[in-house]
1. Check residue 102 against each of (1) out of contact with any strand residue (DSSP E or B) (no Cβ under 6 Å at 6 or more places or on another chain); (2) modelled with pLDDT of 85 or more and name the one condition it does not meet.
2. Can you tell me which residue is nearest to the chain's Cα centre (by Cα) among those in the stretch 23-46 that are surrounded by 18 or more Cβ atoms within 10 Å (Cβ to Cβ) and not in a loop (DSSP other than H, G, I, E, B)?
């Protein structure tokens with residue numbers, strides 16, 4: 001089996017940043033049709049696995065492989081499907097900058113394409129209100145975040161989470177805060 005990841009930055013596949021195809025070679029992970037209880041999300045590290053801890057991709061179209069138990073059952077990996085954009089027609093001067101109506105008419109039902117995989121850039125410094133009550137110990141952080149989330153109005157949730165993250169990052173290491181945020185938001 002190869003040792004290079006199945007998908008890399010040079011690939012034409014726009015996979016999720018947590019996709020096992022970015023970490024494992026072809027045949028080193030399974031591909032499911034969609035998220036299912038057979039491959040639950042593991043809040044400890046943020047990835048999906050089978051019961052036997054085989055990594056799972058749940059977006060076959062994005063990774064370019066049909067659903068299959070490649071690592072679990074040793075199925076042969078087919079040649080990946082290439083995703084190529086259709087050539088764009090040359091616009092006339094009047095069409096050079098289409099308005100929203102023209103875009104909607106030209107691609108009914110079309111979804112925006114995901115951005116290619118990129119290394120994460122540091123987030124902009126949070127300048128909003130920071131919630132009070134940040135625990136002194138990391139052990140209490142998940143309960144604090146959960147309490148903030150449950151008490152937030154739906155329209156305030158994004159600001160509350162950003163404030164909680166900013167407050168936690170001022171006291172705790174980034175990887176610990178990320179793990180706690182994932183665990184708290186996944187209900188674990």
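1. Result: residue 102 fails condition (2) only.
2. 31
The rows are residues; the columns are (1) in the same structural domain as residue 15 (by TED's automatic domain parsing); (2) modelled with pLDDT under 55; (3) farther than 30 Å from residue 142 by Cα.
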{"site": "44", "(1), (2), (3)": "yes, no, no"}
{"site": "49", "(1), (2), (3)": "yes, no, no"}
{"site": "58", "(1), (2), (3)": "yes, no, no"}
{"site": "67", "(1), (2), (3)": "yes, no, yes"}
{"site": "109", "(1), (2), (3)": "no, yes, yes"}
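The values are calculated or read from the model by the stated rules, or taken from the named source; none is laboratory data. These numbers were taken from a predicted model, which means no experiment stands behind them. Backbone-built Cβ (ideal geometry, glycine too); neighbour counts: all protein chains shown.
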